[in-house]
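The values are calculated or read from the model by the stated rules, or taken from the named source; none is laboratory data. Just so it is clear, the structure is predicted and the values come from calculations on it, not from any experiment. No Cβ is skipped: glycine too gets one built from the backbone with ideal geometry, and neighbour counts run over all protein chains shown.
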């Protein structure tokens, strides 16, 4: 898996403006683990790979390099992302907390 997975993960992360620490917090791992995933020196466990794919709205096949194209953001997702990016760090943190609470 390695390099392709790492490159795709990093590309997706940067595309939406996240830091490695954001990914680490989301998946309950150390930031150094995310670094190893992106460098291709360690692969996430299968369950985590599936969660990463769900998080970025892609398939595991895309992350692993078997599918060439990531699905595009919907209009609603683009609108939400644009609004989110205009918030300061504190408001972004609060918004993420609120969104997580909606998942139940």
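Being assigned by TED's automatic domain parsing to the domain that holds residue 27, in a helix (DSSP H, G or I) and within 16 Å of residue 15 (Cβ to Cβ) is the filter here; which residues of region 55-90 pass it?
Passing the criteria: 55, 56, 62, 63.
Residue by residue, here is whether (1) at pLDDT 95 or above; (2) over 16 Å from the mean Cα position of the chain (by Cα) holds:
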position: 20; (1), (2): yes, no
position: 29; (1), (2): yes, no
position: 32; (1), (2): yes, no
position: 61; (1), (2): no, no
position: 82; (1), (2): no, yes
position: 85; (1), (2): no, no
position: 88; (1), (2): no, yes
position: 95; (1), (2): no, yes
position: 104; (1), (2): no, yes
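Is it the case that region 22-31 has a residue that's more than 23 Å from residue 103 (Cα to Cα), in a loop (DSSP other than H, G, I, E, B) and touching a helix residue (DSSP H, G or I) at 6+ places or on another chain (Cβ under 7 Å)? Spell out how you get there, then give the answer.
At the first step, the residues of region 22-31 found to be more than 23 Å from residue 103 (Cα to Cα) are 30-31.
With in a loop (DSSP other than H, G, I, E, B) added as a condition, the list becomes 30.
Checking which are touching a helix residue (DSSP H, G or I) at 6+ places or on another chain (Cβ under 7 Å) leaves us with 30.
Yes, that holds for at least one residue.
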